[in-house]
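Below: the structure, in structure tokens.
The values are calculated or read from the model by the stated rules, or taken from the named source; none is laboratory data. No experiment lies behind these values; they were computed from the predicted model shown. Backbone-built Cβ (ideal geometry, glycine too); neighbour counts: all protein chains shown.
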Amino acid sequence: MSEHTQNPKAEAAVYLKTLIALLVLTGITVGASYIHFGSGAANVVVALTIATIKATLVALFFMHLLHDKPVNGIIAVAGFIFLGLFLMFTLLDFDTRENPLPRNLPGVVTPPPPAATTPAPAPEHH
Amino acid sequence: MSTSTVDLQHDPHGHGDDGHGHDDPHHQHHFTTMEQQFDTSKIGMWLFLATEVLLFGGLFVGFGMMQARFPEQFKEAHEHLQRPLGALNTVVLLVSSWTMVMGVLSARTNQRKKLVIYLIITILCACIFLGVKYFEYSHKFEEGLLPGHYYTHHGDKIATVNGANGYATFFSFYFMMTGLHGIHILVGIALLAWIAVRGNRGEFNSSYYTPVDLVGLYWHLVDLIWIYLFPLYYLIS
């Protein structure tokens, strides 16, 4: 708590620069959204990259992670790593499904299952 | 450090001579130093923030899945959101994050008046944010751009996919995520008001400003979530 109280004026200057950078990046991301970068996916990548830069600035300077005890940063990064795992396995599952919507969702018409790949079990009694 | 008379429930005095030589009424006797006490509180706050990331993260993953499912309908539905209003709210929240961090700095450097002023500006920014959101929401209610089967908007160009309506799905996610974020703003306003009142009483100083710092962390996280919500909903088409 005392590691960065030496020069409040210098600290305030850092915060002001951070705010200006964040506002400039907001302008850039709004401007970039009116440009078409070849494909829809490219626009998503551009927007999310700028958002991640902004989030990093907030975390490092406004949330003090840059000069803080490492344990807080480790907790923050761990949260995002687990979110990444969640996203990765969800996408793996999603990309390998024919119909990603649950069958019990109201109004969803599921395509008929592929015919005769597995014969209906008709157990015979002996 | 004799200004504080409140917060008696945290006052360790009365334990008498435990030999720690406390000089700060906020110092709880099971912590060796004030610094250790502060760091411990902060770790707890960061653990909470990690759960918040996962809470919103689940919704972001769901949004991504449904966008992959209904790409055309999501693209069209997002045209109903007004970019200038989203950008305005982004700027308002960023400025409020800055006033918040300046408030924390003021508390740490014993500037009581500045702390209260910065906190009040932060609360005002939060109110502006909610005012813009109210305007956006009421506009969507009028147009019937509502979640799930409440969706009654007419004039969609694309029919349903396998009977499922991607527009309604988009607005389900829109109201769920911005609504949950809005609830976080409301909670933030209450917390900011609470520390503004305590700050005005002169309860915070360079050796004890933990509540200001932790509310600040919470407020920055709310800002951080909006930093992702804004491009995903308003910008990506």
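List the residue pairs whose Cβ atoms are under 7 Å apart, where the first residue sits in the range B:63-92 and is within 10 Å of chain A (Cβ to nearest Cβ), the second is assigned to a loop (DSSP other than H, G, I, E, B), and the two are 6 or more positions apart or on different chains.
B:M65/A:P100; B:R69/A:P100; B:R69/A:L101; B:K75/B:S237
Would you pick out the residues in the range B:211-237 that are β-branched (V, I, T) and either surrounded by fewer than 19 Cβ atoms within 10 Å (Cβ to Cβ) or modelled with pLDDT under 95 (or both)?
Listed by number, the list holds a single entry, B:I236.
So, in the range A:60-74, of the ones that are surrounded by fewer than 20 Cβ atoms within 10 Å (Cβ to Cβ) and within 7 Å of chain B (Cβ to nearest Cβ), which residue ends up modelled with the lowest pLDDT?
Checked the range A:60-74; the qualifying residue modelled with the lowest pLDDT is A:K69.
Can you tell me which residue is surrounded by the fewest Cβ atoms within 10 Å (Cβ to Cβ) among those in the range B:97-116 that are more than 10 Å from every other protein chain (Cβ to nearest Cβ), of a type outside the set (G, A, S) and within 23 Å of B:F129 (Cα to Cα)?
Looking at the filtered set, the residue picked out is B:K114.
Just one of the numbered conditions (1) within 30 Å of B:F170 (Cβ to Cβ); (2) modelled with pLDDT under 85 is not true of B:L59; which one?
So B:L59 meets the others, but not (2).
Name every residue in the range B:25-35 that is surrounded by fewer than 13 Cβ atoms within 10 Å (Cβ to Cβ) and under 25 Å from B:L221 (Cβ atoms), in order of residue number.
Answer for the range B:25-35, where residues must be surrounded by fewer than 13 Cβ atoms within 10 Å (Cβ to Cβ) and under 25 Å from B:L221 (Cβ atoms): there is none.
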